[in-house]
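Since every read-out is calculated from the coordinates, none of them should be taken as a lab result. Predicted model only: the values in this text are computed from it and were never measured. Positions of Cβ are generated from backbone atoms using ideal geometry, with glycine treated the same way; all protein chains shown enter the neighbour counts.
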Amino acid sequence: MKIAWIGWATAVLAVAAAERPNILLLLSDDHSAPYLGCYGYSDVRTLHLDRLAAQGMRFDRMFVTSPQCVPSRASLMTGRSPVAVRMVRFTAPLPADIPALPDLLRTQAGYFTGVGGRHYHLDGPPTAGERGSLVVGAVLDRHRLRTFTNRVDYVEPQRLKTFAVRMNAFLDAAPKNKPWFFWLGFSDPHHV
């Protein structure tokens, strides 16, 4: 996986150096490809996602590296296995010494980078809500172990309601003279 990701990241950076396209990475929890129109499913209408897939890049052979969402997101973000990046549960932030795709796009290609929606566990558990997260979150905050805000230029300030609101908030923050990368996660299928 690491070699494939490095190849993909290198290709993105090479294209970025020449054309620097804007990159929107959509990721929805528990949402399998067979349940999207762009992959041939006709029982559920996914018109907007189908249009995005037709105009952008569609991954036809992509698999998760872990059955849990946080380790899988960490793998997607870093191109390494969850064990290699020390992210096998929800309790630890992505270590600062492990480069991630937003780091590379930001530092090597001049992108404005951001995350929104369901991404928050990549910086450890929230400080409220989940059982036990108050203690773990307080320890992470006290020792400045949360590092995600250092990796990206924009972190969605609150749980915004719709795709359009999230996208517009990010675009309002993005400088007009820079290409952008926005990782937008959804948990809607997670609840069905």
Specify the inter-centroid distance of the stretch 39-56 and the stretch 68-85, based on alpha-carbon positions, in whole Å. 27 Å
Would you calculate the separation in nanometres between label points at Ser66 and Val155, each defined as 7 Å from the Cα along the Cα-to-beta-carbon direction? 1.9 nm
Tell me which residues come under 5 Å, amide H to amide H, from Tyr41 once H is placed; ignore anything under 5 positions away on its chain. Leu36
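Ranking request for peptides 34-41, 60-67, 174-181: highest mean number of other beta-carbon atoms within 10 Å first, then the rest in descending order. Numbers along the way, then the final one.
Values: 34-41: 13.8, 60-67: 10.0, 174-181: 15.5.
Descending mean neighbour count gives 174-181, 34-41, 60-67.
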